[in-house]
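Some notes on the structure that comes next.
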Amino acid sequence: MAENLLQVENLNVNVDDKEILHGIDLEIGRQETHVLMGPNGAGKSTLGNTLMGNPRYTVTNGRILFNGQDITKESVDKRAKAGIFLSFQAPIEVPGISLGDFLRSAMEQRTGKRMRVMEFRKAVQENMELLNMDMSYLERDLNVGFSGGEKKKAEVLQLLMLRPELAILDETDSGLDVDAVRTVSKGIEQYQKTVKGSLLIITHSTKILEALNVDLVHVMVQGELVAIGDDSMIEEINEQGFAKYEA
Amino acid sequence: MKEKTKVSDIDRNMYDFRYDEKDAYKVQEGLTPAIVEQISKEKKDPEWMREFRLHCLDIYNQIPIPDWGPSIDGLDMDNIVTYVRPNTKMQGDWKDVPQDIKDTFERLGIPQAERKSLAGVGAQYDSELVYHNVKDEVAQQGVVYSDIESALHGEYADLIRSHFMKLVPPTDHKFAALHGAVWSGGSFVYVPEGVHLTIPLQSYFRLNAKGAGQFEHTLIIVEDNAYLHFIEGCSAPKYNVANLHAGCVELYVGKNSTLRYSTIENWSKNMYNLNTKRAIVAEGGKIEWVSGSFGSHTSYLYPMSVLQGRGARCEFTGITFAGKGQELDTGAKVVHNAPDTSSYINTKSISKDGGVSVFRSAVVVKPQAKRSKSAVSCQSLMVDNISRSDTIPAMDIRTNDADVGHEARIGKISDEAVFYLMSRGISEEDARAMIVSGFADNVSKELPLEYAVEMNNLINLEMKGAIG
């Protein structure tokens with residue numbers, strides 16, 4: 001297959017009738033890792049949410065192709081089944097549904113096959129160990145009472161179990177201490193190695209990127225992609241910030 | 001995947017079958033002294049009961065219809081048949097129950113449940129119990145589980161007379177008086193001192209006849225240092241005329257005893273459910289109510305606990321699900337009448353498709369109820385913009401060292417939560433159903449297992465509007 005995994009063409013996006021993204025073009029190839037950086041409020045999360053299909057965000061122009069298919073109008077669950085994953089900046093607490101049950105039914109949706117409890121526990125154990133998560137988390141209500149770090153680990157656990165072709169990580173490192181960032185970063189490395197999918201990592205810090213191979217860096221300012229470059233840009237932004245791009 | 005069609009009502013196939021009325025005897029519609037006399041004669045009442053019925057009818061005629069709750073204009077007493085006797089005597093052996101009635105309860109899973117996990121079962125069809133059975137080992141412990149009618153003539157006759165409608169007097173409200181006049185069927189349970197029943201007793205009430213009323217009376221006496229779990233289930237097929245359920249439950253909990261009373265009410269949506277339940281708890285005793293209200297057109301249901309002895313406790317766990325055309329007014333009432341008593345009320349209500357769910361609670365702490373504690377928590381979830389949810393808490397605290405708390409939360413299904421679940425490949429309707437059953441989860445955990453499963457199925461059906 002020659003085409004890119006993800007192709008975004010001239011995308012305009014509104015939230016509550018206000019335009020946030022103005023003509024975004026973006027291409028992500030197979031097994032590539034892209035980083036999206038930019039100051040707060042630039043529209044990075046809006047792009048991530050729009051790619052996932054959050055109904056709060058309205059595409060007013062342009063289109064999104066995934067594996068060559070136009071998914072611009074596709075529902076959220078269909079995009080997920082097609083292989084797109086969004087790790088949430090603030091994962092939602094859902095009382096009464098255990099992380100384990102939720103994860104198992106999500107995996108069943110992804111594979112279209114019933115999964116036995118034992119089979120599931122075996123599959124999940126290795127990844128939970130990698131993320132320093134106790135198996136007892138599976139019994140806890142989804143994200144309810146989880147600390148910031150625990151929520152993000154649970155997101156990465158879902159990423160590793162659902163094995164999407166494209167993972168969008170929205171500020172997965174924000175608000176975490178050094179150890180938690182290292183653990184989360186280990187999980188992302190594992191995803192690169194074992195799933196061999198593509199990544200779009202949204203961040204405004206650089207800690208999480210230290211251990212990862214990055215192919216391309218995009219800079220977003222005020223709803224537009226203003227620069228693209230290799231991983232040397234990360235170091236540069238780390239030192240000088242975004243001033244240079246905020247003309 | 002099957003194509004799903006949006007429907008406004010859930011699939012009630014499980015309940016909506018009905019059989020021809022083959023009743024042996026049925027009184028005329030409406031309510032007159034002659035009809036009450038007739039019922040009394042038919043039931044071979046002792047003389048005091050006959051007089052009591054007529055006395056109740058007088059009270060009924062004097063008390064006005066309640067004007068503070070949902071409308072019951074659709075209920076015309078002149079058209080309600082108050083007594084329908086099925087065409088059988090009460091049987092102690094399942095195989096002797098007539099085929100159509102047997103089929104009814106087989107379809108509802110009653111005999112299976114008995115074989116699996118119950119100490120005793122009673123099944124009421126229209127106005128009379130048609131089947132009653134208690135396991136031998138339970139009977140040997142001195143536990144009595146029978147219909148009230150037999151108990152009125154047997155060795156417990158005096159006990160019935162001294163307890164019957166003493167906790168819920170006919171003057172309590174109009175439908176308590178009605179109940180006193182025309183009651184029929186129900187259960188009498190007596191648990192002697194020191195007996196712990198580890199497996200539950202269950203009564204199932206089924207109203208088959210069209211335009212009829214069901215007025216069963218449940219009287220349970222648990223002596224000191226004992227334990228009982230009693231389960232009641234109710235259902236009826238749907239008719240296009242109003243049916244009425246005005247049952248009465250009186251529970252006496254002895255010193256240091258616990259009574260757990262679980263109800264799953266799934267009446268059809270032409271039912272007016274005007275039910276009265278009350279428990280009185282002696283020193284160190286505990287009443288645990290678990291209440292699931294799903295059916296009926298209109299419900300007034302507020303189980304009340306009177307904490308009469310020092311250290312008596314009440315725990316109330318309830319869930320109400322009001323769908324299209326339903327107005328379910330439910331809640332709980334507690335009277336703290338002694339020192340060191342405590343009550344904990346935890347309810348959830350869900351409203352959908354224009355359904356109205358109202359939660360009413362009343363906590364009364366008397367001056368002598370020093371150091372009492374009460375916590376009330378009610379949470380409501382509105383699934384769409386056309387449904388309604390109200391919370392009406394009342395508190396009357398007459399001592400200054402009580403610890404009383406109330407917490408109410410009314411919410412909607414958050415779009416962000418739906419988006420989150422969908423982003424993991426879960427369809428929108430599954431995501432919504434997951435959120436609703438998650439909301440109900442800590443209540444469904446309290447229900448007997450088969451009812452918890454039933455409740456989850458019910459929520460899934462309601463949320464998905466799926467046919468078949």
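The values are calculated or read from the model by the stated rules, or taken from the named source; none is laboratory data. In this text, all values refer to a predicted model and were calculated from it rather than measured experimentally. Cβ: placed from backbone, ideal geometry, glycine included. Neighbour counts: every protein chain shown.
Against the condition assigned to a strand (DSSP E or B) and under 30 Å from B:E429 (Cα atoms), how does A:G62 come out, does it pass? Walk me through it before giving the result.
On the way: assigned to a strand (DSSP E or B): yes; under 30 Å from B:E429 (Cα atoms): yes.
Yes.
Among the criteria (1) at pLDDT 95 or above; (2) more than 11 Å from chain B (Cβ to nearest Cβ); (3) more than 17 Å from the chain's Cα centre (by Cα), the one A:M115 does not fulfil is (1). Inclusion of B:S374 among residues that are in a strand (DSSP E or B), out of contact with any Pro (no Cβ under 6 Å at 6 or more places or on another chain), more than 14 Å from chain A (Cβ to nearest Cβ) and over 22 Å from B:P339 (Cβ atoms) is not warranted.
Would you call B:A209 in contact with an Asp or Glu (Cβ under 7 Å, 6 or more places away or on another chain), more than 22 Å from B:A119 (Cα to Cα), touching a residue at least 12 places away in the same chain (Cβ under 8 Å) and of a type in the set (A, V, I, L, M, F, W, C)?
On the way: in contact with an Asp or Glu (Cβ under 7 Å, 6 or more places away or on another chain): yes; more than 22 Å from B:A119 (Cα to Cα): yes; touching a residue at least 12 places away in the same chain (Cβ under 8 Å): yes; of a type in the set (A, V, I, L, M, F, W, C): yes.
In short, yes.
What are the pairs with Cβ atoms under 8 angstrom where one residue, in segment A:151-164, is within 11 Å of chain B (Cβ to nearest Cβ) and the other, located anywhere, is among the charged types (D, E, K, R) and buried (at least 23 other Cβ atoms within 10 Å of the Cβ)? Sequence gap at least six, or different chains. So the pair list comes out as A:Q158/B:R424; A:L162/B:R424.
Based on what the data block shows, is A:R110 of a type outside the set (F, W, Y), buried (at least 18 other Cβ atoms within 10 Å of the Cβ), at the interface with chain B (Cβ under 9 Å from one of its Cβ atoms) and touching a helix residue (DSSP H, G or I) at 6+ places or on another chain (Cβ under 6 Å)?
Details: of a type outside the set (F, W, Y): yes; buried (at least 18 other Cβ atoms within 10 Å of the Cβ): yes; at the interface with chain B (Cβ under 9 Å from one of its Cβ atoms): yes; touching a helix residue (DSSP H, G or I) at 6+ places or on another chain (Cβ under 6 Å): yes.
Here the answer is yes, as A:R110 does meet what is asked.
Of all the residues in segment A:124-144, those that are surrounded by fewer than 18 Cβ atoms within 10 Å (Cβ to Cβ), in contact (Cβ under 8 Å) with a residue 24 or more places away in the chain and within 22 Å of the chain's Cα centre (by Cα) number 3. Filtering segment B:307-332 to residues that are within 20 Å of B:S372 (Cα to Cα) and surrounded by fewer than 23 Cβ atoms within 10 Å (Cβ to Cβ) leaves B:Q308, B:G309, B:R310, B:G311, B:R313, B:E315, B:T317.
Taken together, B:D403, B:D415 contain a single residue that is farther than 30 Å from B:N457 by Cα and of a type in the set (D, E), which is B:D403. Looking across segment A:30-46, the residues that are in a strand (DSSP E or B) and closer than 23 Å to A:K193 by Cα come down to A:T33, A:H34, A:V35, A:L36. Looking only at residues in segment B:173-229 that are among the aromatic types (F, W, Y) and closer than 20 Å to B:S40 by Cβ, the one that is nearest to the chain's Cα centre (by Cα) is B:F215.
Just need a number here: residues in segment A:35-66 that are away from every other protein chain (no Cβ under 13 Å) and either among the β-branched types (V, I, T) or surrounded by fewer than 22 Cβ atoms within 10 Å (Cβ to Cβ) (or both). I'd like the intermediate steps shown before the answer.
Looking only at segment A:35-66, we keep the residues that are away from every other protein chain (no Cβ under 13 Å), and these are A:35-44, A:46-47, A:58-66.
After this cut, where a residue has to be either among the β-branched types (V, I, T) or surrounded by fewer than 22 Cβ atoms within 10 Å (Cβ to Cβ) (or both) as well, the list is A:35, A:39-41, A:46, A:58-65.
Adding up the residues that qualify gives 13.
Can you find even one residue in segment A:87-104 that is away from chain B (no Cβ under 14 Å) and part of a helix (DSSP H, G or I)? Don't jump to the end; show me each part of the working.
Our first condition is that a residue be away from chain B (no Cβ under 14 Å); within segment A:87-104, this holds for none.
Within segment A:87-104, not a single residue is away from chain B (no Cβ under 14 Å) and part of a helix (DSSP H, G or I).
Looking across segment B:243-277, the residues that are of a type in the set (V, I, T) and touching a Ser or Thr at 6+ places or on another chain (Cβ under 7 Å) come down to B:V249, B:T263. A single entry from A:N10, A:N4 fulfils the requirement of being modelled with pLDDT under 95 and over 30 Å from A:M135 (Cβ atoms): A:N4. Among the numbered conditions (1) under 22 Å from the mean Cα position of the chain (by Cα); (2) more than 16 Å from A:G96 (Cβ to Cβ); (3) within 14 Å of chain A (Cβ to nearest Cβ), the only one that B:S389 does not meet is (3). Can you tell me how many residues in segment A:67-86 are more than 8 Å from chain B (Cβ to nearest Cβ) and more than 16 Å from the chain's Cα centre (by Cα)? Residues flagged as more than 8 Å from chain B (Cβ to nearest Cβ) and more than 16 Å from the chain's Cα centre (by Cα) within segment A:67-86 amount to 9. The condition (being surrounded by 16 or more Cβ atoms within 10 Å (Cβ to Cβ) and touching a residue at least 40 places away in the same chain (Cβ under 8 Å)) is satisfied by just one residue among A:V195, A:V214, A:V181, A:V226: A:V214. Considering only segment B:389-403, I want to know if a residue exists there that is within 30 Å of A:E108 (Cβ to Cβ) and in contact with a Gly (Cβ under 9 Å, 6 or more places away or on another chain). No, every residue in segment B:389-403 fails to be within 30 Å of A:E108 (Cβ to Cβ) and in contact with a Gly (Cβ under 9 Å, 6 or more places away or on another chain).
Taken over segment B:411-468, the criterion of being outside any helix (DSSP H, G or I), surrounded by fewer than 22 Cβ atoms within 10 Å (Cβ to Cβ) and within 7 Å of chain A (Cβ to nearest Cβ) is satisfied by B:S427 alone.
Comparison of A:V217, A:V178, A:V184 shows that the only residue that is within 16 Å of the chain's Cα centre (by Cα), of a type in the set (A, V, I, L, M) and over 20 Å from A:E27 (Cβ atoms) is A:V184.
Yes or no: segment B:397-404 includes at least one residue that is free of Cβ contacts under 8 Å to residues at least 24 places away in the same chain and more than 9 Å from every other protein chain (Cβ to nearest Cβ).
To start, the set of residues in segment B:397-404 that are free of Cβ contacts under 8 Å to residues at least 24 places away in the same chain comprises B:400.
Keeping just the survivors that are more than 9 Å from every other protein chain (Cβ to nearest Cβ) gives B:400.
For segment B:397-404, residues free of Cβ contacts under 8 Å to residues at least 24 places away in the same chain and more than 9 Å from every other protein chain (Cβ to nearest Cβ): present.
Only residues that are assigned to a helix (DSSP H, G or I), at pLDDT 90 or above and within 24 Å of the chain's Cα centre (by Cα): list them for segment B:60-99, please. Even if it seems obvious, please write down each step before you answer.
So in segment B:60-99, the residues assigned to a helix (DSSP H, G or I) come out as B:60-62, B:77-79, B:94-96, B:99.
Now restrict to residues that are at pLDDT 90 or above: B:60-62.
B:Y60 - this is the single residue of segment B:60-99 that is assigned to a helix (DSSP H, G or I), at pLDDT 90 or above and within 24 Å of the chain's Cα centre (by Cα).
Taking the listed residues B:S374, B:S387, the one that is touching a Lys or Arg at 6+ places or on another chain (Cβ under 6 Å) and farther than 30 Å from A:F85 by Cβ is B:S387, with no other qualifying. Where strands (runs of 3 or more DSSP E) sit wholly within segment B:185-260, those with at least 1 residues that are at pLDDT 95 or above occupy B:186-191, B:217-222, B:227-235, B:248-253.
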